[in-house]
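In what follows, a structure is listed as structure tokens, so that the remarks can point back to it.
What follows is calculated from the coordinates using simple rules that are stated; it is not laboratory data. Here the structure is a predicted model, which is why all the values come from computation and not from measurement. Note that we place each Cβ from the backbone using ideal geometry, even for glycine, and neighbour counts take in every protein chain shown.
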Amino acid sequence: MPTEPIRYVTKVDLTKPGDQQPHLHNRWHPDIPFAETIKPGETVKIECLDWTGNQIKNNDTADDILNVDLSRIHYLSGPFNIEGAEPGDALVVEIKDVQPLERQPWGYCGIFHKKNGGGFLDKFYPEAAKAIFDLEGIHATSRHIPHVKFTGLIHPGIMGTAPSAEVLKEWNSREIGLINDIQHQHETNVANGPLETNSHPGSATGTLALKIAKEGARTIPGRPENGGNCDIKNLSRGSKCYLPVYVDGAKLSVGDLHFSQGDGEISFCGAIEMPGVITIKVSIIKGGIKKLSLKSPIFIPGDVQNHYGPSRYLTFEGFSVDEAGKQQYLCATTAYRQACIRAIEYLRKFGYNDYQIYLLLSSAPIEGHIAGIVDVPNACTTLGIPMDIFDFDISPEGNFEEKDMKNCAFVEGAKHSVTYDYK
Ligand code: ZN
């Protein structure tokens with residue numbers, strides 16, 4: 001029997017904004033119309049835009065990062081009708097491959113301005129910055145972060161099924177509840193409720209489009225019920241992911257493809273973001289939610305992984321004593337931030353500025369782990385940098401020679417301190 005060619009269920013246009021492409025959408029809602037139907041057992045290719053929908057350009061300024069419109073993100077491909085899937089089932093999504101598009105062999109990592117998006121270290125690095133990466137086969141290099149080359153552990157940042165009307169209601173009520181409870185204590189958004197502005201409801205029009213705009217959940221957080229924006233770097237080629245189904249046809253969506261990412265995706269625009277194509281095969285486990293006790297997605301990583309030798313990671317320890325010297329109680333977030341700061345202080349000795357290192361920790365295959373979470377009062381985390389991604393020796397036994405590391409892209413004329421004094 002002749003083998004059928006692999007079918008593309010979506011193609012994207014890199015010259016048009018995402019909201020002019022009806023097989024994409026940027027909110028979670030059960031009523032977004034199906035983009036296409038996929039049969040269980042069928043292998044298909046899905047093209048995706050980068051998460052901002054073509055807003056970021058390959059140049060040497062960060063103007064586009066500064067002015068990025070976050071009401072538009074994320075542009076996801078779908079939702080797909082998985083034939084026969086019903087509420088209560090589980091989808092098994094096998095990630096057969098992920099690749100950049102041949103027509104755009106580059107990606108970007110950005111640091112959002114503190115007043116527009118921010119990121120994990122925006123207290124110290126408030127300015128917008130950007131690094132463009134050239135993608136050559138399995139390798140990434142950047143003119144904005146010289147002397148580094150690494151292999152991408154390529155993956156989708158977002159994969160998820162649509163919420164039912166009940167699940168969506170639950171999301172909105174608990175996230176708006178959080179905003180009401182604690183927003184006043186914070187400078188930046190603690191969560192984002194539904195936003196009508198720039199809602200893209202796929203092919204929906206008229207009153208349906210308006211309903212989706214009013215009720216649709218933002219795609220920014222991952223959520224326990226459907227996964228969504230999990231940003232798990234190990235959900236790479238060969239992985240199998242098990243997702244709960246809440247609506248007929250499952251309404252599977254995928255997007256936010258990453259050529260590479262460090263654990264934590266710390267700068268928020270923090271992976272090597274790119275448009276690309278993902279190849280998947282989907283099957284259904286009937287009654288899978290009950291059978292697997294599937295209250296959140298589970299996955300089995302694929303057998304394509306980075307092979308930087310396990311003994312070749314320079315690993316920084318971080319504890320939950322914050323940068324002001326204040327004792328925090330078992331806070332893994334504080335502890336991981338401290339591990340990042342320790343890595344920045346170390347790598348700047350070679351001539352990189354802090355923004356370049358922040359971009360690198362976001363986008364390179366960094367291993368972040370929780371070590372101890374019970375030894376009161378300190379949580380301990382680790383951040384491991386593969387030493388072999390540098391073309392010089394960064395080990396503690398090396399000679400710490402400062403090099404000309406050029407610069408990442410900034411906004412022209414912006415006042416930025418490239419070295420933060422942590423004391
Ligand atoms: Zn992303």
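Numbers below:
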quantity: C-alpha long axis of helix 165-182 to longest principal axis of the chain, angle in °; calculated: 30 degrees
quantity: Mean shadow area of the range 1-158, taken as a quarter of the surface of its Cα convex hull (nm²); calculated: 12.3 nm²
quantity: Cα convex hull volume per residue for the range 200-288 (Å³); calculated: 140 Å³
quantity: Whole-Å semi-axes of the ellipsoid equivalent to the range 16-91 (Cα gyration tensor, √5λ, descending); calculated: 31, 13, 10
quantity: Folded to 0 to 90 degrees: helix 206-215 orientation relative to the chain principal axis, Cα; calculated: 40 degrees
quantity: Footprinting exposure proxy for Leu76, Leu347, Leu235 (fewest neighbouring C-beta atoms within 10 Å first); calculated: Leu347, Leu235, Leu76
quantity: Volume per residue that the Cα convex hull of the range 245-292 spans, once the total is divided by residue count, Å³; calculated: 137 Å³
quantity: Lysines with Cα under 16 Å of Lys233, excluding same-chain neighbours fewer than 8 positions away; calculated: Lys96
quantity: Leading residue at positive end of dipole, the range 212-361 (Cβ point charges), from Thr334, Pro244, Val254; calculated: Pro244
quantity: Of His29, His155, His147, the one that fluctuates the most in a GNM where the chain has Cα springs shorter than 10 Å; calculated: His147
quantity: Net charge over other residues, Cβ less than 11 angstrom from the Cβ of Asp134 (K, R count +1; D, E count -1); calculated: +1
quantity: Footprinting exposure proxy for Cys331, Cys269, Cys109, Cys230 (fewest neighbouring C-beta atoms within 10 Å first); calculated: Cys331, Cys230, Cys269, Cys109
quantity: Helix axis angle, 332-347 relative to the chain longest principal axis, alpha carbon, degrees; calculated: 50 degrees
quantity: Total formal charge among the other residues, if their Cβ is under 11 angstrom from that of Leu257, Lys/Arg +1 and Asp/Glu -1; calculated: -4
quantity: Cα-only Debye scattering, the chain: base-10 log of I(q)/I(0) at q = 0.07, 0.13, 0.14 Å⁻¹; calculated: -0.33, -1.17, -1.35
quantity: Members of Lys169/Lys211; Lys349/Lys423; Lys169/Lys281 lying beyond 23 Å, as alpha-carbon distances in this model show; calculated: Lys169/Lys281
quantity: Loop sites in the range 322-423: GluC sites (Glu not before Pro), DSSP, at most 15 other Cβ within 10 Å; calculated: Glu323, Glu397, Glu401, Glu402, Glu412
quantity: Cα gyration tensor category, rounded, prolate or oblate, for the range 303-392 with a/c compared to 1.5; calculated: oblate
quantity: Likely footprinting exposure, His200, His258, fewest C-beta neighbours within 10 Å first; calculated: His200, His258
